[in-house]
Amino acid sequence: MQVFERAGLLTSFIENQKKQNHSVGFVPTMGALHRGHLSLVKHALRENDLVVVSIFVNPTQFNNAADLQKYPRVPEVDLKLLREAQTDVVFLPPVKEIYPNGTQSEEIDLNGLDRHMEGQFRPGHFQGVVTVVKRFFNIVKPTRAYFGEKDYQQLQIIRHMTQLHKLNVEIVSHPVERGPGGLALSSRNELMSLQQKEEAGFIHKALQWAQKNYRDFNPRQLQEALKARFEKSNLKLEYALVSDPESLEPLEEWSQKKGARLFIAAYMGEVRLIDNVPLF
Ligand code: AMP
């Protein structure tokens with residue numbers, strides 16, 4: 001496994017690989033890796049000759065300095081896990097390498113995909129995400145890039161950015177990987193106690209309940225019913241929203257043509273958790 005810290009050296013290495021007709025799979029991460037990340041890596045390894053994983057805690061996507069500061073950083077453990085997973089290349093750049101002119105986001109048109117959910121509750125978050133992903137795509141020049149449905153809104157926004165800028169990369173999605181009790185795996189889970197993690201399994205139970213019972217409600221009523229269920233839990237619901245899976249606009253009624261996806265954000269103590277499922 002080769003580890004690069006400098007963008008220029010990585011780009012030269014990749015260009016050399018591409019001259020040999022090798023396909024390049026790319027998995028961007030913020031580290032503190034878990035089985036969810038590693039399943040993206042395995043997915044990429046199945047479909048490409050070479051896999052690059054980046055570990056970079058991107059300052060521009062944090063809308064809260066305390067959140068950025070407490071984000072878990074364990075590069076040595078991550079490198080061991082990636083080596084065991086047979087990753088070919090790890091890109092571990094210092095902040096200056098990605099933001100030589102200060103940690104500011106670019107202004108990229110997100111076509112309203114950031115109007116709701118994470119975009120509403122984390123202002124500026126997605127401008128930070130697309131800024132860093134665009135820079136990474138320019139450095140890594142991947143054939144395919146892998147993103148988890150755990151961050152479904154991010155996935156849709158990256159698809160949009162890639163089309164808008166006519167970037168020559170295929171965006172591949174990967175389903176949400178879950179732990180015991182159904183809790184979506186997340187680096188932030190490590191900031192919870194064992195008991196909190198168990199109780200946070202409630203989010204998945206609520207999503208499953210909605211998948212089974214949504215027909216008894218219209219989207220708005222379903223959201224209200226979920227709100228009432230969360231009031232009896234130890235989690236603080238931030239939003240429960242039923243949206244069009246493509247445009248991410250909230251749905252007023254069920255539409256077989258559009259389908260529907262349910263998105264939840266909730267706090268367990270100080271830790272903010274997100275999850276989502278398709279309803280149909
Ligand atoms: P992060 O390190 O949180 O930025 O995540 C890096 C990538 O891994 C993103 O594409 C995430 O959507 C994906 N990911 C994180 N957790 C999961 C999970 N539980 N299941 C599937 N993909 C995930």
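Taking the options THR103, THR11, THR29, name whichever one is hydroxyl-bearing (Ser, Thr, Tyr), outside the structural domain of LEU248 (by TED's automatic domain parsing) and open to solvent by less than 20 Å² (accessible area, probe 1.4 Å).
THR29
Are there strands (runs of 3 or more DSSP E) fully within region 191-280 with at least 3 residues that are farther than 16 Å from LYS150 by Cβ and open to solvent by less than 20 Å² (accessible area, probe 1.4 Å)? List them.
Ranges flagged: none.
Before we move on, is PHE217 more than 10 Å from the ligand (Cβ to nearest atom), at pLDDT 95 or above, over 22 Å from PRO72 (Cβ atoms) and not assigned by TED's automatic domain parsing to the domain that holds MET30?
Yes; evaluated as a whole, the condition is true for this residue.
Based on what the data block shows, is VAL3 over 19 Å from the mean Cα position of the chain (by Cα), surrounded by fewer than 22 Cβ atoms within 10 Å (Cβ to Cβ), assigned to a strand (DSSP E or B) and of a type in the set (Val, Ile, Thr)?
The answer is yes for VAL3.
Considering region 131-146 alone, what residues qualify as being open to solvent by 10 Å² or more (accessible area, probe 1.4 Å) and not in a helix (DSSP H, G or I)?
LYS141, THR143, ARG144
In region 16-36, which residues are touching a residue at least 60 places away in the same chain (Cβ under 8 Å) and either within 16 Å of the ligand (Cβ to nearest atom) or among the hydrophobic types (A, V, I, L, M, F, W, C) (or both)?
Within region 16-36, VAL24, GLY25, PHE26, VAL27, PRO28, MET30, GLY31, ALA32, LEU33, HIS34, ARG35, GLY36 meet the criteria.
Restricted to region 147-180, and to residues that are more than 24 Å from MET117 (Cα to Cα) and in contact with a strand residue (DSSP E or B) (Cβ under 6 Å, 6 or more places away or on another chain), which residue is least open to solvent (accessible area, probe 1.4 Å)?
By that ranking, first place goes to VAL169.
Hey, can you tell me all the residues within region 243-269 that are hydroxyl-bearing (Ser, Thr, Tyr) and either in contact with a Phe, Trp or Tyr (Cβ under 8 Å, 6 or more places away or on another chain) or at pLDDT 95 or above (or both)? Quick ask: steps written out before the conclusion?
Going through region 243-269, the residues hydroxyl-bearing (Ser, Thr, Tyr) turn out to be 243, 247, 255, 267.
Answer for region 243-269, where residues must be hydroxyl-bearing (Ser, Thr, Tyr) and either in contact with a Phe, Trp or Tyr (Cβ under 8 Å, 6 or more places away or on another chain) or at pLDDT 95 or above (or both): SER243, SER247, TYR267.
Please work out if GLN2 is away from the ligand (no atom under 15 Å from the Cβ), farther than 29 Å from PRO180 by Cβ and touching a helix residue (DSSP H, G or I) at 6+ places or on another chain (Cβ under 9 Å).
yes
Every residue, every condition in (1) of a type in the set (Lys, Arg); (2) more than 13 Å from the ligand (Cβ to nearest atom); (3) free of Cβ contacts under 8 Å to residues at least 24 places away in the same chain; (4) not assigned by TED's automatic domain parsing to the domain that holds ASN63, yes or no:
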| position | (1), (2), (3), (4) |
| --- | --- |
| GLY128 | no, no, no, no |
| ARG135 | yes, yes, no, no |
| THR143 | no, yes, no, no |
| GLN153 | no, no, no, no |
| ILE158 | no, no, no, no |
| LYS166 | yes, yes, yes, no |
| LEU194 | no, yes, yes, yes |
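Within region 168-182, can you find the residues that are farther than 25 Å from ASN48 by Cα and more than 9 Å from the ligand (Cβ to nearest atom)?
Those that are farther than 25 Å from ASN48 by Cα and more than 9 Å from the ligand (Cβ to nearest atom): PRO180, GLY181, GLY182.
Does at least one position in region 38-53 carry a residue that is open to solvent by 80 Å² or more (accessible area, probe 1.4 Å), touching a residue at least 12 places away in the same chain (Cβ under 8 Å), within 16 Å of the ligand (Cβ to nearest atom) and out of contact with any His (no Cβ under 9 Å at 6 or more places or on another chain)?
Checking region 38-53: at least one residue is open to solvent by 80 Å² or more (accessible area, probe 1.4 Å), touching a residue at least 12 places away in the same chain (Cβ under 8 Å), within 16 Å of the ligand (Cβ to nearest atom) and out of contact with any His (no Cβ under 9 Å at 6 or more places or on another chain).
Just wondering, is there one or more residues in region 70-88 that are open to solvent by 40 Å² or more (accessible area, probe 1.4 Å), within 30 Å of SER247 (Cβ to Cβ) and out of contact with any helix residue (DSSP H, G or I) (no Cβ under 7 Å at 6 or more places or on another chain)? Break it down stepwise before answering.
Filtering region 70-88 down to residues open to solvent by 40 Å² or more (accessible area, probe 1.4 Å) leaves 70, 73-77, 80-81, 83-84, 86, 88.
If we keep only those that are within 30 Å of SER247 (Cβ to Cβ) too, we end up with none.
So far as region 70-88 goes, no, none of its residues is open to solvent by 40 Å² or more (accessible area, probe 1.4 Å), within 30 Å of SER247 (Cβ to Cβ) and out of contact with any helix residue (DSSP H, G or I) (no Cβ under 7 Å at 6 or more places or on another chain).
The values are calculated or read from the model by the stated rules, or taken from the named source; none is laboratory data. All figures in this text were calculated on a predicted structure; none of them were measured in a lab. Cβ sites come from the backbone with ideal geometry, for glycine too, and all protein chains shown count toward neighbours. Each accessible area value is taken on the protein alone, full model and side chains, heavy atoms only, with ligands, DNA and RNA left out. Shrake-Rupley method; radii C 1.70, N 1.55, O 1.52, S 1.80 Å.
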